[in-house]
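Presented below is the structure to which this report refers.
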Amino acid sequence: MKTAQDIIIAPVITEKSMSGIADKKYTFKVAKDANKIEIAAAVAELFKVKVAKVNTINVRGQQRRMGRYSGYTASWKKAIVTLKADSKPIEFFDGLM
């Protein structure tokens, strides 16, 4: 059984993800084998909020070059979590705005 800390790896802090906070949409980097139900339960447990829905995206690694050698960065999974209207916001992201 995975814990909530194993499922939610890190918040995604980009200009696009910060614009979604007004609509109560928060973006996280999550474990690659986590499903939507596990992600919703982990966010609810960690931040004490009510989750309305979860959208997930598998992000492919990008090609990078170091001189004549090339390789790929690691692929990862991104989750966009939408909170219910009556839920309180996540305090961690309020400090970033």
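The values are calculated or read from the model by the stated rules, or taken from the named source; none is laboratory data. Given the structure is predicted, the values throughout are model-derived calculations rather than measurements. Cβ atoms come from the backbone with ideal geometry, glycine included; neighbour counts cover every protein chain shown. Heavy atoms of the whole protein, side chains included, go into the accessibility calculation; ligands, DNA and RNA do not. Shrake-Rupley method; radii C 1.70, N 1.55, O 1.52, S 1.80 Å.
Can you confirm whether Asp86 is modelled with pLDDT of 95 or more, in a loop (DSSP other than H, G, I, E, B) and loosely packed, with under 11 Cβ neighbours inside 10 Å? It is false that Asp86 is modelled with pLDDT of 95 or more, in a loop (DSSP other than H, G, I, E, B) and loosely packed, with under 11 Cβ neighbours inside 10 Å. Search segment 72-83 for residues being within 18 Å of Asp33 (Cα to Cα) and open to solvent by 60 Å² or more (accessible area, probe 1.4 Å), and hand back the single one that is farthest from the chain's Cα centre (by Cα). So the residue we want is Ala74.
Checked against (1) of a type in the set (A, V, I, L, M, F, W, C); (2) in a loop (DSSP other than H, G, I, E, B); (3) in contact (Cβ under 8 Å) with a residue 24 or more places away in the chain, Met1 meets all criteria but (3).
Of all residues in segment 1-33, which are charged (D, E, K, R) and within 16 Å of Pro89 (Cα to Cα)?
Looking only at segment 1-33, we keep the residues that are charged (D, E, K, R), and these are 2, 6, 15-16, 23-25, 29, 32-33.
The answer is Asp23, Lys24, Lys25.
Any chance you could count how many residues in segment 16-31 are outside any helix (DSSP H, G or I) and surrounded by 16 or more Cβ atoms within 10 Å (Cβ to Cβ)? Let's see the steps before the verdict.
Filtering segment 16-31 for residues outside any helix (DSSP H, G or I) gives 24-31.
Keeping just the survivors that are surrounded by 16 or more Cβ atoms within 10 Å (Cβ to Cβ) gives 24-28, 30-31.
The qualifying residues number 7.
Give Ala34, Ala74 a once-over and let me know the one that is farther than 18 Å from Ser17 by Cα, assigned to a loop (DSSP other than H, G, I, E, B), of a type outside the set (Ser, Thr, Tyr) and in contact with a helix residue (DSSP H, G or I) (Cβ under 6 Å, 6 or more places away or on another chain).
Residue meeting the stated conditions: Ala34.
Taking segment 50-71 as the range and being part of a loop (DSSP other than H, G, I, E, B) and open to solvent by less than 60 Å² (accessible area, probe 1.4 Å) as the test, the residues that pass are Gly61, Gly67.
Restricting attention to segment 37-49, which residues are among the β-branched types (Val, Ile, Thr), in a helix (DSSP H, G or I) and touching a residue at least 40 places away in the same chain (Cβ under 8 Å)? First the steps, then the outcome.
Initial filter on segment 37-49 (among the β-branched types (Val, Ile, Thr)): 37, 39, 43, 49.
From what is left, the residues that are in a helix (DSSP H, G or I) are 37, 39, 43.
Answer for segment 37-49, where residues must be among the β-branched types (Val, Ile, Thr), in a helix (DSSP H, G or I) and touching a residue at least 40 places away in the same chain (Cβ under 8 Å): just Ile39.
Here Ile13 passes the criteria (1) of a type outside the set (D, E, K, R); (2) part of a loop (DSSP other than H, G, I, E, B); (3) open to solvent by less than 30 Å² (accessible area, probe 1.4 Å) except the one numbered (3).
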